[in-house]
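The values are calculated or read from the model by the stated rules, or taken from the named source; none is laboratory data. These numbers were taken from a predicted model, which means no experiment stands behind them. Here the Cβ is made from the backbone with ideal geometry for all residues, glycine too, and neighbour counts use every protein chain on show. Surface areas here come from the heavy atoms of the whole protein model, side chains and all, with no ligands, DNA or RNA. Shrake-Rupley method; radii C 1.70, N 1.55, O 1.52, S 1.80 Å.
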Amino acid sequence: PPAFSYFTDMYGDAYPLLGDYFREQSYGLINLAGSTAVGWYTLPQPRSYYVYDRTGDGVADIDSFRTATDCTAVADADVDFSEYVGINLMFNWELDGNAYGGGWGGTRDGVTRWWNMTWQPIWGWTNISNMEHEMGHSFGLPHSSAGYGLVYDNPWDVMSDSWFNCGAFMDLPYGCRGQHINADYKARLGWISDAHTLTVNPGSQQTVTLEGLALPQSPAFKLIHVRQCAASPYYTVEMRSLSGYDAKLPAAAVII
């Protein structure tokens, strides 16, 4: 395992660490101040207790509840979980071939609630883009895709192809950097306000100045919703420039 400082430093505010990344994503609305790390710990059961064929299809799957319950239990003496909203579980080996982000509900330190949580195998926490992707899931964000069954083919969004262009955007020791989250997801999280979102209703036309999603330089709109009819799903329109964490994108573009 790397030095303990690898994990504590990961949450820092300097570029390209997680604190800096999420501050840029949220336009300063959130930070990771107070984040820390503890461990390593040895879990009380063998690996086969946590990773096994749960569904009877012949493929081993991680048991997220067992791992979360036992990981938080062995660390409980060193952590006051009531002070935290999110937990990243870092494992020193492979899980079931995937990393995960979501949440866990339990009771720790006199508090019963739902914690945002990620499950990170060794290749997950050695690439910060994967940390950013799974933490997005822990915030409640799904993959971004067009609904055709592929969820990792969108290079414009860390919630899809977070590994895009990694060869050009690697930072040791934290590996591949992630790009921005799409504008609509940011609006869901409250990072883009109603004042910076324009809705274009059926039958109307407007000429709009769009601001870039990364490192905006003006108070112009960051997101447009275009509705075909009053009750329909909407198109989203956003502008992406090759700045900040979006420097890894395929090009500067307006994305629909």
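Hey, can you tell me all the residues within the stretch 85-113 that are open to solvent by 30 Å² or more (accessible area, probe 1.4 Å) and outside any loop (DSSP other than H, G, I, E, B)? Within the stretch 85-113, 86, 88, 90, 100, 105, 107, 108, 111, 112, 113 qualify. Pairs meeting the criteria (first residue in the stretch 199-215 and open to solvent by 50 Å² or more (accessible area, probe 1.4 Å), second residue assigned to a loop (DSSP other than H, G, I, E, B), beta carbons under 6 Å, at least 6 apart or on different chains) are 202/229; 209/220; 215/243.
Of the residues making up the stretch 197-216, those that are farther than 16 Å from residue 180 by Cα and assigned to a loop (DSSP other than H, G, I, E, B) are 201, 202, 203, 204, 205, 206, 207, 208, 209. All of (1) at pLDDT below 95; (2) under 20 Å from residue 136 (Cα atoms); (3) in contact with a Phe, Trp or Tyr (Cβ under 6 Å, 6 or more places away or on another chain) hold for residue 177 with one exception: (1). Scanning the stretch 233-253 for residues that are within 15 Å of residue 197 (Cα to Cα) and surrounded by fewer than 14 Cβ atoms within 10 Å (Cβ to Cβ) returns a single hit, 235.
Name the single residue that is nearest to residue 7 (Cα to Cα) among those in the stretch 124-146 being among the hydrophobic types (A, V, I, L, M, F, W, C) and touching a residue at least 12 places away in the same chain (Cβ under 8 Å). Among residues in the stretch 124-146 that are among the hydrophobic types (A, V, I, L, M, F, W, C) and touching a residue at least 12 places away in the same chain (Cβ under 8 Å), the one nearest to residue 7 (Cα to Cα) is 125. Scanning the stretch 108-143 for residues that are among the charged types (D, E, K, R) and in contact with a strand residue (DSSP E or B) (Cβ under 6 Å, 6 or more places away or on another chain) returns a single hit, 134. Here the condition is being modelled with pLDDT under 95, open to solvent by less than 80 Å² (accessible area, probe 1.4 Å) and under 23 Å from the mean Cα position of the chain (by Cα); of 26, 5, it holds for 5 alone. When the stretch 45-91 is filtered for residues that are at pLDDT below 95 and closer than 18 Å to residue 122 by Cβ, nothing remains.
Looking only at the stretch 221-232, decide whether some residue is farther than 16 Å from residue 25 by Cα, open to solvent by less than 20 Å² (accessible area, probe 1.4 Å), modelled with pLDDT of 95 or more and assigned to a strand (DSSP E or B). Scanning the stretch 221-232 turns up at least one residue that is farther than 16 Å from residue 25 by Cα, open to solvent by less than 20 Å² (accessible area, probe 1.4 Å), modelled with pLDDT of 95 or more and assigned to a strand (DSSP E or B).
Scanning the stretch 152-195 for residues that are part of a helix (DSSP H, G or I) and open to solvent by less than 50 Å² (accessible area, probe 1.4 Å) gives 166, 183, 184, 185, 186, 187.
Residue 78 passes every criterion in (1) open to solvent by 20 Å² or more (accessible area, probe 1.4 Å); (2) over 17 Å from residue 131 (Cβ atoms); (3) in contact with a helix residue (DSSP H, G or I) (Cβ under 8 Å, 6 or more places away or on another chain) apart from (3). What number of residues in the stretch 48-75 are in contact with a helix residue (DSSP H, G or I) (Cβ under 7 Å, 6 or more places away or on another chain) and open to solvent by less than 50 Å² (accessible area, probe 1.4 Å)? Looking only at that region, the number is 5.
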